[in-house]
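Following: one structure in structure tokens, then a few remarks.
The values are calculated or read from the model by the stated rules, or taken from the named source; none is laboratory data. Please read these numbers as outputs of a predicted model, since none were measured by experiment. Counting neighbours? That spans all protein chains shown, and the Cβs are built from the backbone with ideal geometry, glycine included. To get the accessible areas, we keep the full protein, side chains included, count just its heavy atoms, and leave off ligands, DNA and RNA. Shrake-Rupley method; radii C 1.70, N 1.55, O 1.52, S 1.80 Å.
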Amino acid sequence: MLVGRRPVVEAKDLVGQLTIPPHFFDATFDTYRPDAAFPSQALARDKARAFAAGAVGRRRRSAGRGLYLDGGFGVGKTHLLAAIAESVGPESAFGTFVEYTHLVGALGFAQARASLSKFRVVCIDEFELDDPGDTVMMARLMRELAEAGVALVATSNTLPESLGQGRFAAADFAREIQSVSKVFEVVSIDGPDYRHRGELSFEMSTEGEARDVVSRWGGVLESWPDLVADLANVHPSRLGSYVEGVRWLGLTDVGAVADQSQALRVVSLVDRLYDADVRVVAAGSSLGEIFPQDMLAGGYRKKYFRALSRLAAMSERS
């Protein structure tokens with residue numbers, strides 16, 4: 001069961017967890033498949049490959065360089081980020097924006113900076129601009145890492161309705177991290193969400209089917225309301241350990257979350273489930289309806305759309 005798990009992760013072990021997640025273990029530049037209809041994808045792959053080679057070959061005494069992969073959901077930004085980390089090897093750190101903010105909270109700024117300064121490349125997935133305090137702190141961290149000679153790579157998402165507008169969130173990124181923005185080369189990536197190539201589709205099951213699948217594959221079955229409530233007792237930095245060992249997750253009584261706090265905790269859970277390559281079989285209301293419309297129109301909408309895209313992928317039947 002997941003509900004009731006209370007994993008303990010020592011602060012010193014958080015740095016060791018900054019590695020490529022299972023979902024992207026096979027991500028390399030050669031396994032990235034650019035869409036010929038969108039030349040920016042092949043260009044981004046080539047830029048990322050060159051960046052990785054440059055990071056390996058450069059001297060650490062010089063100031064760090066930066067690469068910002070800018071584009072919509074599902075165009076392969078995280079794949080390329082993982083490919084950079086894979087190419088650089090053990091001297092790379094890979095984590096989400098949220099994981100780095102939790103690292104600073106757990107270790108303190110000075111110790112987190114010192115720990116990350118040992119890496120040749122720091123990869124930051126899903127850079128978020130919706131929390132001013134976290135953004136300022138991350139901008140300072142990136143500036144000091146760059147000054148220490150660490151190369152930086154960041155990705156961010158844009159909303160589905162913004163696709164095709166060119167620079168996506170690049171202007172916002174540059175404005176919010178202006179103290180270090182000159183370090184970054186912006187590479188924009190066009191294209192549709194490869195996970196869906198169109199409208200999101202959520203494949204739902206009956207409760208009996210969910211139980212059968214979980215029983216057959218040795219998965220975990222949870223009541224959605226109980227699972228959502230339990231997340232309030234698990235720090236986001238421990239969610240990776242919370243879902244460790246789970247390959248199939250059955251959900252019953254799926255319904256809409258009650259408030260923003262619950263919704264943001266669900267987003268963090270979905271990210272860790274996706275990273276761990278967990279398959280989801282769900283019964284109840286559609287997974288596509290767990291976030292009310294007012295939330296999808298609010299300030300955290302990028303997070304929610306990303307979570308829905310990932311849930312749809314995890315619930316696909318093969």
The condition of being in contact with a Ser or Thr (Cβ under 9 Å, 6 or more places away or on another chain), closer than 24 Å to A106 by Cα and modelled with pLDDT of 95 or more holds, among A256, A232, A283, only for A232
Residue pairs qualifying under the 7 Å Cβ cut-off, at least six apart or on distinct chains, with the first in the stretch 101-123 being open to solvent by less than 40 Å² (accessible area, probe 1.4 Å) and the second being of a type in the set (K, R) and assigned to a loop (DSSP other than H, G, I, E, B), are none
Of the residues that make up the stretch 217-236, is at least one within 23 Å of F305 (Cβ to Cβ), of a type in the set (D, E) and open to solvent by 60 Å² or more (accessible area, probe 1.4 Å)? no
Picked from the stretch 254-305 (must be acidic (D, E) and touching a residue at least 40 places away in the same chain (Cβ under 8 Å)), the residue most open to solvent (accessible area, probe 1.4 Å) is D277
Note to self: For the structure I just gave you, tell me whether A85 is among the small types (G, A, S), modelled with pLDDT under 95 and assigned to a helix (DSSP H, G or I).
What the structure shows: no
Residues in the stretch 124-136 that are open to solvent by 40 Å² or more (accessible area, probe 1.4 Å), in contact with an Asp or Glu (Cβ under 9 Å, 6 or more places away or on another chain) and assigned to a helix (DSSP H, G or I) total 3
Restricted to the stretch 1-56 and to residues being open to solvent by 70 Å² or more (accessible area, probe 1.4 Å) and assigned to a helix (DSSP H, G or I), the residue farthest from R279 (Cα to Cα) is V56
